[in-house]
Amino acid sequence: MSLLLPGMHVAGGTPLHRLDPRVKMGASLLLMVLPFVAPSLPSNLLLAGFVVALAILSAVPLMALVRTLRVVVWTGIFMFVFRLFTTPGTPLLTVGGISVTLQGLGAGAVQIYRLCLLVVVSSLLTYTTSPAQLAHGVEAVLEPLARLGLPVREFAMVLTIALRFVPTLFEEIEKIVKAQEARGALIRTGPLWKRVPGWVPVFVPLFVSAFRRAEDLATAMEARGFRSAHQRTHLYRLHLTRHDLAASLLILALGAVILFVEWRMG
Amino acid sequence: MSKKQALGNQALESQGARPFIELRALTHAYALEGGGEVRALQGIDLTIERGEFVALVGPNGSGKSTLVRHLNGLLLPTSGQVWVDGLLTAHPSSLWKIRERVGMVFQNPENQFVASTVEEDVAFGPENLGLPPDELRRRVDDALKLVGLTEYATHPPHMLSGGQKQRTAIAGALATRPACIILDEPTSMLDPLGRRRTLETLRSLNQDQGITILLVTQSMDEATAAERMLVMVRGRVVSDGTPAEVFGQGQRLREWGLGLPSALEIADRLRERGLNLPAGLLTVEQLASALC
Amino acid sequence: MLISVEGLGYTYAPSTPLARTALRGVDLEIRQGERVGILGPTGSGKSTLAQLIAGLLRPTSGHVLLDGVAAHARTADARLRRLKVGMAFQYPEHQIFEQTVPREVAFGPRNLGLNDAEVEARVAWALDIVGLDPVEMADRVPLTLSGGEMRRLALAGILAMRPPVLILDEPTANLDPRGRQELLTRVLTWQAETELTLIVISHNLDDLARLAERVVLLVAGQVAADGPAREVLSDRPLLEDASFDVPPPVALLQALRQSGWAVATNRLLAEEAATEIAQVWSSTGGMV
C-alpha cells in the first residue's frame, strides 16, 4: 500500500500508545466535538496546538499524518465550494447570479479545518491503538448495555475480526487488480467508461475469496472451541493507571479552559 | 524411560488400554447439489495411540481433510463411529471436551487468525474455555515458549513470516493443553526454512511433551520423518505402516499418484542401472552410507 | 523481448512508519527464450521483482526496460509491451471470474482487441496446450473444476494472450505430486514450442531444478547470485546463507564425493544424479 491509511495501526511505545483505549476514545470524541461548540479563534488555536502536540507525542511522522488527509481531499473541496456559494453575506465576486461571499470564504475554511481535525484525531487514535485494544475499549464502554441484553460482546468480537481482516482485504484487492491488469483489463488506467465495468473481474474473485476466508475462519474458530461470545474470558483486563488519570484530567482541563474562553467571549 | 513412553504408559493405565483415537467403519457422504452423493470416506477402521507421530498422505481429493475433520467433530460420520479419548464425537455433550483435547492447525495460516496480535490469537482457545486472565497469561506464555515465539507476542500476525504464522497457529492449538494436534497440510504454503522450523517444532512437541501428532502432507520427504505413515486413496486407507514399509511398495505409490522421497527415487534408478542396493533407503544419508 | 533491469529499487509505503524496502540496486538482463529461476526465501523481494518486470508497480528507483521502453510508463506503447509479459500470480485460480471456461480464457485475448474468430482459435489452442479438452470444457463452470484443473485454466487464460514472456509465481504450490509433475512437463513443452522467455519465481528448489537454466538468488532484496542453475543450486555455502538446503541429489553427490567417489556434484535431478553415480561406478568396474 502506498500510503498510510486512517485505520492502520503503527505499533510503538509512546505514552500515547500506552494509554487506556477508553481514555483515548473519550479524548478523541471530545477533541472532535469541541470545534463545533467553541467557534472562537483563540479556542481553536489552543485546540489545534493541542492536537499538534499530541501528534508529535505519537511519534508518527508529521508528513505521513498530513498525507493521510489525501483521503478526504475531494470531500474537503466539495464542502468548501458548497459553503463558498451558499453562505449569504458581502459579495466578493458574482458569476451568473451566484455570489461568492466573504462569509462564505470564512465558513468554507472553518469546514476544512473541522474536517482535517476529524481525520487527524481519528488517525492518531488508530495509529496508537491496536484494533484489539480498540475493540476491548468499545466492549468495556458498552458493557452496561450488555446487562440490558444487548449483544455487546458479539459486537466486539465482530469488530475485532473485521479490523483484523482490513489489511488482508486491501492486499487481496491490490493483488487481483494487478492480476487482471496483467490480462489487459483497464482498471486503474484508461477511460472512465471502460474502468467501471473493469471492476467486475475484481469484485467477483474478491467475493469468492472473502467467502472462502470466512468459511476457513469459521472452521478454525469452531475447531478452537468457540461457542458463543458469552462464556469467553479475556487475556487483557483494562485497568486505569495514574497516567490514564493524569491524561483524563489534562483533556478535561483543556475542555474547561476552552469553554471558559467561549463564555468570556460571549 | 523417556517422558514420552512414561506418558504413553500412564495413558494406557488410565484409559484401560483404549486407543486415543479409534475410527470404526467411518463413512462420510456429501450430498451433491443436483441430487446424489459423493462418498468421501468409505468405511475406515483406524486407531491412533497416544504419543504417536503419524503422517497422512494421499492425492488431492482423496479424503484426507474430510477424515481429519472427523477427529474433532467438525464433521460427523454419515455412518460408523469416531472415538476420541473414550468420547464419541456424535454426542453433542462430548464435542467441547474433544476439541479441548484435539487441537487443529490448517493449511492457510492467514485464514485462521482471529485476533490482531500473536498473544491474543494464542489466547483464543483458552478464552473459549472461560479460564481466568492469570491462567490465560500462563498458558499463552507457555505455548509461545514451546514454539519459540515469545519475543513476537505483541506482533500482528500478518507481519510474521509464513513459518512464524504456522507456529503461532500451533501455539494457539497448544494453549488448550491438548493431547493431540492435527495439522492439515500446514507446510504447503511455506518456504524451506519455514517448513524446517515447523517440523522441528512438531518433532519436539511429540518427543518432549508426548503430544500425539497427525500430520497431513503432500511432501514425501516430510512423511519419511514420521514413525507411522497412512496413505489414502479415494476415501480409503490403502496403506498403513512405517515409512520404510509403505515406501517399500514402490510401484503402487506411483499408481496412487504419490511420487517417492528423493533418496528412494535415486536408489530405484541406480538399481535399474545395475547397482545392488538394500531396500528401505529413505533418506539421502542412508543412501550415501549404503553406497560407501 | 529484451528485459533490462537497472539499479532497481522498491519501497512499500515510502516515508511512512510502515515503510519497507523490498528491493535495492537490482541489475539483471533477460534475453528472449531464456529460462530464468528467481529463488529467494519469503520476503526476499522476488514477487516484487516479478511485478516490477510486468510493469504492475512503479519503481522507487532505477528502472525496468522492455526492449528499451520503461515497463510502467503510462503510454499506449508501454501498455502493449506490458501485455507481452504474461504474469501468473501465486494461486492464479483465485482470479477466475467468468461463468464458463471458454469465456474465462477469452478475457485476455479480448482485451487485446482481437476479433471473435481469432479469440475463439486462441481459446481452443490455449485449453489444448494446458491439457483441458476444449469440447468437454465448453459449458463447464470454472468453480466446479478440481484444484489442478483450475490452476491450468488460469494459466490458459494467460497463455491465450500469447505473451513472449511468461512469469510464473510459485506455479506448483498446493498441487499434489502428480499435478505438479504434469504442470512442470507442460510448462517445459510450451517453452520449447514457443521459444518463450520463462521466469519462474519460487522457493522450491526442485521446481527450479526442473524449469530453469539460469538462477538468480535474491536475499533481502539484493541479488546474491546469478548464474547457471547447476552452479547456483549446488553451491552449498551460498544456499545455506540464504536458509536453503541443496537439492537432495546434490546432497547425495556431495556426500559421496567426500568419501572418495569421483562424481560431479552439480547434478540437480534424481535421474541425472543416478546417471552420474552409475557412470562412475561402472568406470571403476563396479568397485568403489
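The values are calculated or read from the model by the stated rules, or taken from the named source; none is laboratory data. These figures come from a predicted structure and were not determined experimentally. Glycine gets a Cβ as well: all are built from the backbone with ideal geometry, and neighbour counts include every protein chain shown.
A few remarks follow.
- Some residue of the stretch A:182-204 being within 14 Å of chain C (Cβ to nearest Cβ), part of a helix (DSSP H, G or I), touching a strand residue (DSSP E or B) at 6+ places or on another chain (Cβ under 7 Å) and surrounded by 13 or more Cβ atoms within 10 Å (Cβ to Cβ): yes
- Of the helices (runs of 4 or more DSSP H) lying entirely inside the stretch B:194-256, not one is found with 1 or more residues being under 20 Å from residue B:178 (Cβ atoms) and of a type in the set (A, V, I, L, M, F, W, C).
- Tally of residues being of a type outside the set (A, V, I, L, M, F, W, C) and within 8 Å of chain B (Cβ to nearest Cβ) across the stretch C:261-285: 3
- Of all residues in the stretch B:137-153, those that are within 7 Å of chain A (Cβ to nearest Cβ) and either β-branched (Val, Ile, Thr) or buried (at least 23 other Cβ atoms within 10 Å of the Cβ) (or both) total 1.
- Taken together, B:207, B:218, B:286 contain a single residue that is more than 20 Å from the chain's Cα centre (by Cα) and not hydrophobic (A, V, I, L, M, F, W, C), which is B:286.
- Among residues that are in the same structural domain as residue C:229 (by TED's automatic domain parsing), under 29 Å from residue C:173 (Cα atoms), touching a residue at least 24 places away in the same chain (Cβ under 8 Å) and not aromatic (Phe, Trp, Tyr), residue C:14 is not included.
- When restricted to residues that are closer than 19 Å to residue C:1 by Cα, within 10 Å of chain A (Cβ to nearest Cβ) and surrounded by fewer than 22 Cβ atoms within 10 Å (Cβ to Cβ), the stretch C:77-119 contains 4.
- Put simply, of C:90, C:51 the only residue that is closer than 20 Å to residue C:161 by Cα, at pLDDT 90 or above and in contact with an Asp or Glu (Cβ under 8 Å, 6 or more places away or on another chain) is C:90.
- Looking across C:54, C:121, one residue alone is without any contact (Cβ under 8 Å) to a residue 12 or more places away in the chain and either within 30 Å of residue A:212 (Cβ to Cβ) or not charged (D, E, K, R) (or both). It is C:121.
- So residue A:178, is it in contact with a Leu (Cβ under 6 Å, 6 or more places away or on another chain), within 14 Å of chain C (Cβ to nearest Cβ) and surrounded by fewer than 16 Cβ atoms within 10 Å (Cβ to Cβ): no
- Matching residues, the stretch B:214-231, being surrounded by fewer than 22 Cβ atoms within 10 Å (Cβ to Cβ) and either away from every other protein chain (no Cβ under 14 Å) or among the aliphatic types (A, V, I, L, M) (or both): B:225, B:227, B:228
- Positions within the stretch B:21-55 being β-branched (Val, Ile, Thr) and surrounded by 19 or more Cβ atoms within 10 Å (Cβ to Cβ), in sequence order: B:21, B:44, B:48, B:54
- Residue in the stretch B:254-271 that is modelled with pLDDT of 90 or more, under 25 Å from the mean Cα position of the chain (by Cα), of a type in the set (Asp, Glu) and assigned by TED's automatic domain parsing to the domain that holds residue B:107 present: no
- Of all the numbered requirements in (1) of a type outside the set (A, V, I, L, M, F, W, C); (2) touching a Ser or Thr at 6+ places or on another chain (Cβ under 9 Å); (3) buried (at least 18 other Cβ atoms within 10 Å of the Cβ), residue B:58 misses one, and that requirement is (2).
- The selection criterion, being more than 30 Å from residue C:91 (Cα to Cα), buried (at least 22 other Cβ atoms within 10 Å of the Cβ), touching a residue at least 60 places away in the same chain (Cβ under 8 Å) and not β-branched (Val, Ile, Thr), does not hold for residue B:186.
- Taken over the stretch C:212-232, the residue count meeting the criterion of being in contact with a Pro (Cβ under 8 Å, 6 or more places away or on another chain), closer than 16 Å to residue C:272 by Cα and of a type in the set (A, V, I, L, M) is 0.
- The lone criterion from (1) within 14 Å of another protein chain (Cβ to nearest Cβ); (2) touching a strand residue (DSSP E or B) at 6+ places or on another chain (Cβ under 7 Å); (3) surrounded by fewer than 16 Cβ atoms within 10 Å (Cβ to Cβ) left unmet by residue C:6 is number (1).
- Restricting C:257, C:210 to residues that are touching a Ser or Thr at 6+ places or on another chain (Cβ under 7 Å) and either in a helix (DSSP H, G or I) or at the interface with another protein chain (Cβ under 9 Å from one of its Cβ atoms) (or both) narrows the list to C:257.
- Among the residues of this structure, residue A:202 does not count as one that is in contact with a Pro (Cβ under 6 Å, 6 or more places away or on another chain) and of a type in the set (Val, Ile, Thr).
- Complete set of residues in the stretch A:137-175 that are under 24 Å from residue C:13 (Cβ atoms) and more than 7 Å from every other protein chain (Cβ to nearest Cβ): A:162, A:165, A:166, A:169, A:170, A:171, A:172, A:173, A:174
- Contacts under 6 angstrom Cβ, first residue in the stretch B:242-258 being closer than 14 Å to residue B:223 by Cβ, partner part of a loop (DSSP other than H, G, I, E, B) and of a type in the set (S, T, N, Q), 6 or more apart: B:243/B:224
- Output for the stretch A:101-123, where each listed residue is surrounded by fewer than 16 Cβ atoms within 10 Å (Cβ to Cβ) and among the hydroxyl-bearing types (Ser, Thr, Tyr): A:113
- Search result, residues across the stretch A:209-235 that are at the interface with chain B (Cβ under 7 Å from one of its Cβ atoms) and among the aromatic types (Phe, Trp, Tyr): A:226
Results for (1) crowded, with 22+ Cβ neighbours inside 10 Å; (2) farther than 13 Å from residue C:206 by Cα, shown as yes or no for each residue.
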{"position": "C:223", "(1), (2)": "no, yes"}
{"position": "C:226", "(1), (2)": "no, yes"}
{"position": "C:237", "(1), (2)": "no, yes"}
{"position": "C:248", "(1), (2)": "yes, no"}
{"position": "C:255", "(1), (2)": "no, yes"}
{"position": "C:260", "(1), (2)": "no, yes"}
{"position": "C:267", "(1), (2)": "yes, no"}
{"position": "C:271", "(1), (2)": "no, no"}
{"position": "C:275", "(1), (2)": "no, yes"}
